[in-house]
Amino acid sequence: MTPAPPSGLELVVVGADVELLGAFSELMLEITPESSRSVEQMLATFALDPTQRRVIARLDGEAVGFGTVGRIWVFPVDDPSAWCELGVRAAVRGRGVGSALLAWSQATAPQLGKSRLQVPCSGDRPEGVRFLTARGFVEYDRMARVELPLAGVVAPEVVLPAGVRLSSLAAEPALRESAYAAAVEIFADLPDPEPVLAGSFEEWRLRDVDTPDGPLDGYLLAVAGDDVVGFCRLLNEQRGRVVGHALTGTRRAWRGRGIAKALKRAAIGWAIERGAERMSAENAVGNEAMRGINRSLGFTPGPDFIELRGAVPAA
């Protein structure tokens, strides 16, 4: 039975209010640190999805939870799924706050033309999975998260095949179109449950390139001549304490030559230079090639990244 919303609960629409976005960012960092974002990053995403919505749950005036609903950027615009993030502070769980946030999400999704929600959960918080499965959600996808603590780690040597050099979009911004062409091919080959897309050049630029939490010198490139043949996108996460791999990939004709491993090695050096405490990455459970590379570089298993799907109840 779904508990009634507690007395004193209000859901505050965040919009583009910088102060509210700051409170939202703090809540995410506390409750779901692996997916937390800066105010600048959230503001930047409105160019990708101006319809996205965020609310903060306040209980007797205290911020205790958050909810988001918006487009899944690697799916077509008309895909029926909405991305939905939910979080409630541990001290107030079980009092109906999460149910109220989920109800808000289910009411909001149809306003964006969406008929189902796709909600991420971390494997180290099984109560979140139980909460959703009890309400009819089922597992849609699971990614194996790995981590590399950087204390005492020495930057590994980067060895690329003959004729291939290491660069970045900061060093060579003229390679953007070639990097985009590589992204289109690499996204198409990702072992996701459904096809995912790099999107248009403008969408790719807004989502993966010109992002406040991802400096351009962290968009590492493997370049042959004037062509990008592989890349590794690095992001500053958790206020710079963690460097996350958004994606590492190699174009089809260049796979099997050690390029992905060289890019991963370069990424470790990049993170060490910036004083990060650790690195994190997520691999599809069936992507044995990339999982093997991560193991060889010292990454160890972390909690799985789980996505659950549920239909929006009819009004």
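The values are calculated or read from the model by the stated rules, or taken from the named source; none is laboratory data. This structure is a prediction, so every number in the text was calculated from the model and none was measured. Cβ sites come from the backbone with ideal geometry, for glycine too, and all protein chains shown count toward neighbours.
So for the range 192-204 (the condition being of a type outside the set (A, V, I, L, M), in contact (Cβ under 8 Å) with a residue 60 or more places away in the chain, buried (at least 19 other Cβ atoms within 10 Å of the Cβ) and closer than 25 Å to ILE72 by Cβ), does at least one residue qualify?
yes
How many residues does the range 250-263 contain that are surrounded by 23 or more Cβ atoms within 10 Å (Cβ to Cβ) and outside any helix (DSSP H, G or I)?
1
Would you check which residues across the range 296-315 are more than 20 Å from SER81 (Cβ to Cβ) and either part of a strand (DSSP E or B) or small (Gly, Ala, Ser) (or both) and list them?
Those that are more than 20 Å from SER81 (Cβ to Cβ) and either part of a strand (DSSP E or B) or small (Gly, Ala, Ser) (or both): SER296, GLY298, THR300, PRO301, GLY302.
Search the range 44-76 for residues being more than 23 Å from LEU206 (Cβ to Cβ) and β-branched (Val, Ile, Thr), and hand back the single one that is surrounded by the fewest Cβ atoms within 10 Å (Cβ to Cβ).
Result: ILE56.
Quick one: ARG241 ticks every box in (1) buried (at least 17 other Cβ atoms within 10 Å of the Cβ); (2) more than 15 Å from the chain's Cα centre (by Cα) bar one, so which box is it?
Among (1) buried (at least 17 other Cβ atoms within 10 Å of the Cβ); (2) more than 15 Å from the chain's Cα centre (by Cα), ARG241 violates only (1).
Looking only at the range 271-295, filter to residues that are in a loop (DSSP other than H, G, I, E, B) and of a type in the set (Gly, Ala, Ser); which one of those is farthest from PRO193 (Cα to Cα)?
Only one residue tops the list, namely GLY275.
Determine which member of the set ALA289, ALA284, ALA311, ALA266 is surrounded by fewer than 20 Cβ atoms within 10 Å (Cβ to Cβ), closer than 17 Å to ARG233 by Cα and touching a residue at least 12 places away in the same chain (Cβ under 8 Å).
None of the other options fit; the residue is ALA284.
Here is a list of conditions, (1) touching a residue at least 12 places away in the same chain (Cβ under 8 Å); (2) over 17 Å from the mean Cα position of the chain (by Cα), and ARG37 meets all of them except one; can you say which number that is?
ARG37 satisfies every listed condition except (2).
Among the numbered conditions (1) of a type in the set (Gly, Ala, Ser); (2) at pLDDT below 95; (3) within 30 Å of PHE187 (Cα to Cα), tell me where SER7 comes up short.
Looking at each condition in turn, SER7 falls short on (3).
Between LEU216, LEU160, which is of a type in the set (A, V, I, L, M, F, W, C), touching an Asp or Glu at 6+ places or on another chain (Cβ under 9 Å) and either in the same structural domain as PRO33 (by TED's automatic domain parsing) or at pLDDT 95 or above (or both)?
Being of a type in the set (A, V, I, L, M, F, W, C), touching an Asp or Glu at 6+ places or on another chain (Cβ under 9 Å) and either in the same structural domain as PRO33 (by TED's automatic domain parsing) or at pLDDT 95 or above (or both) holds for just one of LEU216, LEU160, which is LEU216.
Could you tell me which of the residues LEU216, LEU220, LEU263, LEU234 is within 16 Å of the chain's Cα centre (by Cα) and within 29 Å of THR45 (Cβ to Cβ)?
Just a single option satisfies the conditions, and that option is LEU234.
Tally the residues that are closer than 25 Å to VAL242 by Cα and of a type outside the set (A, V, I, L, M), restricting the search to the range 34-69.
Selection size over the range 34-69: 14.
Yes or no: the range 99-122 includes at least one residue that is over 24 Å from VAL13 (Cα atoms), assigned by TED's automatic domain parsing to the domain that holds ARG54 and not in a helix (DSSP H, G or I).
yes
Give the residues of the range 260-290 that are modelled with pLDDT of 85 or more and closer than 30 Å to TYR140 by Cα, sorted by residue number.
Within the range 260-290, ALA260, LYS261, LEU263, LYS264, ALA267, ARG278, MET279, SER280, ALA281, GLU282, ASN283 qualify.
Report the residue count in the range 34-68 for those that are over 24 Å from LYS114 (Cα atoms) and assigned to a strand (DSSP E or B).
Selection size over the range 34-68: 5.
Anything in the range 16-33 that is part of a helix (DSSP H, G or I) and surrounded by fewer than 19 Cβ atoms within 10 Å (Cβ to Cβ)? List them, or say none.
Across the range 16-33, the qualifying residues are VAL18, GLU19, LEU20, GLY22, ALA23, GLU26, LEU29, GLU30, PRO33.
Could you tell me how many of the residues in the range 138-185 are closer than 26 Å to PRO301 by Cα, surrounded by 18 or more Cβ atoms within 10 Å (Cβ to Cβ) and free of Cβ contacts under 8 Å to residues at least 40 places away in the same chain?
Final tally of qualifying residues: 0.
Criterion first (touching a Ser or Thr at 6+ places or on another chain (Cβ under 7 Å) and either hydrophobic (A, V, I, L, M, F, W, C) or not assigned by TED's automatic domain parsing to the domain that holds ASN294 (or both)) does VAL146 satisfy it?
yes
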